[in-house]
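Since every read-out is calculated from the coordinates, none of them should be taken as a lab result. Keep in mind that this is a model prediction, so the values were computed, not measured. All Cβ positions, even for glycine, are placed from backbone atoms using ideal geometry, and neighbour counts span all protein chains on display.
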Amino acid sequence: MPLLCKDCNGRRFPIAFPDQRDALWLCEKCKNFVNIKDEFVREWTKEEMEENKTKLENFQKNVTTEKTPEKKRRSGVN
């Protein structure tokens, strides 16, 4: 399993591609993808970087704006 990058020794993250029916491993420092056999497949494109950035921003907006419900305690009960 290609968990660590050979070039920079950084952590790789699995990214699923449903159209290819495969998961590729991304090194964010080197900006490249490898397959499960640790063979170089392709570079990380600018479009994919922008798409990933917008997904992350949308996720952060949705998660941080939700209010947690207040817990109501019954009065007179220890």
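Here the translational diffusion coefficient of the stretch 12-63 follows from Stokes-Einstein with Rh set to the Kirkwood radius across Cα pairs; for 25 °C and 0.890 mPa s it amounts to 206 µm²/s.
Do the sum for the chain: with -39,500 (n - 2.57) for every DSSP H run of n ≥ 4, divided by all residues, what is the mean residue ellipticity at 222 nm, to the nearest 500 deg cm²/dmol?
Numbers: 1 runs with 20 residues, N = 78.
Helix contribution divided over all residues of the chain: -9000 deg cm²/dmol.
Among the trypsin sites (Lys or Arg not before Pro) found in the stretch 1-61, those both in a DSSP coil and sparsely packed, with 14 or fewer other Cβ atoms within 10 Å of their Cβ, are LYS6, ARG21, LYS29, LYS31, LYS37. Backbone geometry of the stretch 51-59 corresponds, through the Karplus equation with coefficients 6.51, -1.76 and 1.60 at θ = phi - 60°, to 3J(HN,Hα) couplings of 4, 5, 5, 5, 4, 5, 5, 4, 5 Hz, x marking Gly and Pro. Counting only residues at least eight positions apart within a chain, or on another chain, the lysines with an alpha carbon under 20 Å from that of LYS53 are LYS29, LYS31, LYS61. Taking the chain, the Cys residues with no second Cys beta-carbon under 4.7 angstrom are CYS8.
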